Amino acid sequence: MLSLKRDIFSRSAASVLLLSALAVSSLGLSGCFGPSQNTASKADLIASESKALNDWFEARYEDELARSPMTQTYLGQKTAQTKLDDVSQIALDEEAALTEQWLKDMRARFDIDRLDARSKLSYRLYEFGAKDALASHEFAGHQYVFNHMSGAHSDLPSFLINFHAIDDIKDADSYVERLMAFETYFAQLIARTEAQVANGVVAPKFVYDKLIPASKNIVTGAPFGTGIDSPLLADFKSKVEKTDIGPVDQQQLIKRAEAALTNSVGPAYIALIEMFERHAAIATEDDGAWKLPDGETYYQERLKHYTTTDMSADEIHDIGLAEVARIQDEMRAIMRQVQFDGTLKDFYNYLRTDPKFVYPNTDAGRADYIKEATEVIEDMKGRLDSLFIRKPKADMIVKRVEPFREDTAFGAFYEQPALDGSRPGTYYINLKDVAEQPKYLLQALAYHEGIPGHHMQIAIGMELDGLPKFRTLGGHTAYIEGWALYSEAVPKELGLYSDPYSDFGRLSMEIFRAARLVVDTGIHSKKWTREEAVKYYLDNIPNPEGDVRAEIDRYIVWPGQATAYKIGMLKIMELRAQAEDSLGNNFDVREFHDVILANGSVPLSMLEELVETWIDSKLN
């Protein structure tokens with residue numbers, strides 16, 4: 001998100017300093033200074049230009065942040081918290097125009113050869129990100145504004161509930177102001193969706209069967225009708241009642257919130273649901289990106305965006321097939337270890353149906369799941385010194401997904417901590433149906449979403465000193481999810497998968513991601529139907545059918561994203577093997593992990609460069 005609120009052509013003091021340095025450099029350093037002075041002057045110039053570039057990055061970040069009041073809140077800042085973002089098509093086009101202008105500006109102002117190593121990487125990363133954003137914008141009309149996995153119908157209430165804190169009357173007033181802005185916010189998104197549909201971009205039919213009830217959940221209960229409070233009213237009351245605000249003021253605030261819900265939130269959802277019902281009537285059962293205008297090019301752009309590579313759909317599909325076969329061989333070894341008599345598919349069915357592998361589908365069962373997942377995380381926290389040089393300052397917790405969004409939320413996900421430390425990192429687990437979260441997957445899932453997975457990478461990245469914020473707060477899916485998938489395997493080195501079923505769970509998580517390469521490309525490139533994708537999964541991985549169908553529905557509306565996990569993991573594993581082979585006894589896994597994490601998120605090609613540079617430094 002970029003900002004128009006500053007004059008992008010104005011020059012900071014750092015930029016003026018930079019221009020002065022460039023004027024000196026144009027004279028030719030070797031002709032102006034003696035040997036020692038020349039060296040010192042080069043170092044000063046590099047330091048000056050690097051500082052100027054980082055100041056420029058900071059200004060651009062502030063410009064972007066100014067455009068997004070919601071990001072400010074997400075980061076724990078109580079600025080502009082009466083507002084929601086501008087999500088209109090005009091705003092998206094402005095952001096793209098600014099991205100293009102800023103990329104030209106950076107290239108014109110700064111010479112990459114006059115930067116220090118860190119700033120050179122920042123320059124290249126900004127350039128990569130800008131080009132990727134512009135490529136994505138070309139296909140912005142292909143990306144469903146609303147789908148059952150994400151969209152303002154559930155994301156906006158979740159944002160207020162999870163990130164808009166209320167500590168005083170001002171915070172409460174701001175919450176009410178945001179409720180009053182729902183109608184405008186939704187109108188902008190409705191306009192974009194209608195434009196998509198007019199261009200032949202309609203979500204598959206099954207999506208609307210999920211969008212409509214999920215939207216109705218938000219406007220069910222008081223003040224929209226009878227019964228218990230609706231999710232937003234319940235949240236507002238709960239937060240206000242926990243403050244020191246007096247009872248009279250509390251009641252006035254609650255009345256204002258009820259009015260905003262009735263007069264803005266309610267009409268916003270009525271308009272949204274009416275649109276969903278109209279679009280459902282014209283939607284088809286076709287699922288893949290191939291059905292969209294210029295769908296093949298769009299899907300290739302999505303693969304490049306998510307994997308940060310130029311791999312084709314066919315290449316990714318073939319890698320998936322090979323990885324599924326390899327992992328199945330490892331699974332058969334565990335079958336022999338537990339003395340299971342039957343085929344691999346028989347073993348999958350055993351894991352899917354035997355009740356000993358799941359907690360009871362009760363509140364007590366859900367509490368037991370949260371308790372054990374927390375214990376896994378806490379145990380891993382005490383083992384980090386053997387794997388990592390640097391560790392995050394921010395803590396993390398395990399929470400259940402709120403009931404109001406269980407139907408459309410991911411099975412598990414991670415929310416990053418607040419920059420100011422006011423909110424820990426959070427591993428959310430969806431326990432609507434505990435049978436969909438088997439015990440044998442619990443350990444690997446906690447490692448992926450928590451520690452040493454997402455929390456280590458994201459929290460450490462946020463806390464890196466001396467890097468521009470677009471690096472500490474940004475991300476590339478293949479790097480982020482590749483690290484998390486790699487992190488599922490790392491605890492095995494510490495002997496933490498002592499139960500063979502939990503180790504099978506680790507392999508189950510890995511084959512799940514390997515099969516994604518096959519299924520995602522199958523749906524979007526090879527025109528597989530949903531049922532063909534379901535059959536492939538049920539034949540080749542142990543996940544229960546409900547989980548399988550939910551995942552496939554996710555891939556359908558989110559083309560390419562699911563391929564990033566395994567592609568990223570394979571690159572990290574490849575780089576580790578390269579380092580171990582090159583360094584032999586001098587290989588230190590703690591140093592290797594530091595190289596992976598010390599620069600924040602990077603595309604896979606740049607990650608390879610960083611590791612190879614480290615290897616060379618150790619050898620020379």
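The values are calculated or read from the model by the stated rules, or taken from the named source; none is laboratory data. Note that the structure is a prediction, hence the values are computed from the model and not measured. Note: ideal-geometry Cβ built from the backbone for every residue, glycine included; neighbour counts use all protein chains shown.
Points worth noting:
- Evaluated against (1) part of a loop (DSSP other than H, G, I, E, B); (2) over 33 Å from the mean Cα position of the chain (by Cα); (3) of a type outside the set (Gly, Ala, Ser); (4) outside the structural domain of Tyr565 (by TED's automatic domain parsing), Thr243 falls short on exactly one condition, (2).
- Within region 110-152, tally of residues that are part of a loop (DSSP other than H, G, I, E, B) and either among the polar types (S, T, N, Q) or over 24 Å from Asn599 (Cα atoms) (or both): 10
- Within region 482-502, tally of residues that are assigned to a loop (DSSP other than H, G, I, E, B) and under 22 Å from Pro603 (Cβ atoms): 0
- Test: Arg383 is within 30 Å of Ala214 (Cβ to Cβ) and over 13 Å from the mean Cα position of the chain (by Cα): no
- Within region 105-121, one or more residues are small (Gly, Ala, Ser), outside the structural domain of Arg423 (by TED's automatic domain parsing), farther than 23 Å from Gln143 by Cβ and buried (at least 20 other Cβ atoms within 10 Å of the Cβ).
- Residue match in region 222-235 (condition: in a helix (DSSP H, G or I), without any contact (Cβ under 8 Å) to a residue 24 or more places away in the chain and over 28 Å from Ala281 (Cβ atoms)): yes
- Single match in Glu510, Glu481, Glu488 (criterion: without any contact (Cβ under 8 Å) to a residue 60 or more places away in the chain and out of contact with any strand residue (DSSP E or B) (no Cβ under 8 Å at 6 or more places or on another chain)): Glu488
- Neighbours by Cβ (under 6 Å, 6+ apart or cross-chain): first from region 598-618, more than 10 Å from Ala579 (Cα to Cα); second charged (D, E, K, R): Gly600/Arg471; Leu604/Lys571
- Residues in region 56-110 that are within 22 Å of the chain's Cα centre (by Cα), under 16 Å from Tyr126 (Cα atoms) and of a type in the set (Gly, Ala, Ser): Ala96 alone.
- Any hit, region 413-436, residues being of a type in the set (A, V, I, L, M), within 13 Å of the chain's Cα centre (by Cα) and under 18 Å from Met509 (Cβ atoms): no
- Check on Tyr359, touching a Lys or Arg at 6+ places or on another chain (Cβ under 6 Å), closer than 27 Å to Leu494 by Cβ and outside any helix (DSSP H, G or I): no
- Being in contact with a Pro (Cβ under 9 Å, 6 or more places away or on another chain), modelled with pLDDT of 95 or more, within 21 Å of Thr82 (Cβ to Cβ) and not basic (Lys, Arg) is a property that holds for Glu183.
- No other residue among Ala66, Ala140, Ala133, Ala108 is within 30 Å of Asp44 (Cα to Cα) and among the hydrophobic types (A, V, I, L, M, F, W, C) apart from Ala108.
- Among residues of region 412-436, those that are within 14 Å of Asp547 (Cα to Cα) and either in contact (Cβ under 8 Å) with a residue 60 or more places away in the chain or outside any loop (DSSP other than H, G, I, E, B) (or both), counted: 7
- Of all residues in region 380-396, those satisfying the criterion of being buried (at least 16 other Cβ atoms within 10 Å of the Cβ) and touching a strand residue (DSSP E or B) at 6+ places or on another chain (Cβ under 9 Å) are Pro392, Ala394, Met396.
- Check on Tyr536, aromatic (Phe, Trp, Tyr) and either more than 26 Å from Gln457 (Cα to Cα) or at pLDDT below 95 (or both): yes
- Within region 22-81, considering residues that are of a type in the set (D, E, K, R) and not in a helix (DSSP H, G or I), the one modelled with the lowest pLDDT: Lys78
- Answer residue from region 205-235, given it is of a type in the set (S, T, N, Q) and crowded, with 20+ Cβ neighbours inside 10 Å and is nearest to Thr529 (Cα to Cα) among those: Ser215
- Tabulated pairs, region 342-353, first assigned by TED's automatic domain parsing to the domain that holds Glu436 and part of a helix (DSSP H, G or I), second of a type in the set (Val, Ile, Thr) and surrounded by 12 or more Cβ atoms within 10 Å (Cβ to Cβ), C-beta under 8 angstrom, 6+ apart or interchain: Tyr348/Ile541
- When the test is whether a residue is within 15 Å of Glu378 (Cβ to Cβ) and either at pLDDT below 95 or touching a helix residue (DSSP H, G or I) at 6+ places or on another chain (Cβ under 6 Å) (or both), Gly425 passes it.
- No other residue among Asp588, Asp594, Asp553, Asp581 is of a type in the set (Asp, Glu), surrounded by 20 or more Cβ atoms within 10 Å (Cβ to Cβ) and either within 22 Å of the chain's Cα centre (by Cα) or outside the structural domain of Val201 (by TED's automatic domain parsing) (or both) apart from Asp553.
- Of the residues making up region 111-141, those that are of a type in the set (D, E, K, R) and over 24 Å from the mean Cα position of the chain (by Cα) are Asp111, Asp113, Arg114, Asp116, Arg118, Lys120.
- From Ala373, Ala367, Ala322, Ala409, residue being assigned to a loop (DSSP other than H, G, I, E, B) and either hydrophobic (A, V, I, L, M, F, W, C) or under 15 Å from Pro542 (Cα atoms) (or both): Ala409
- Residue in region 297-305 that is in a helix (DSSP H, G or I), aliphatic (A, V, I, L, M) and under 30 Å from Ala130 (Cβ atoms) present: yes
- Qualifying residues in region 597-620 (those that are of a type in the set (Val, Ile, Thr) and in a helix (DSSP H, G or I)) - the one surrounded by the fewest Cβ atoms within 10 Å (Cβ to Cβ): Thr613
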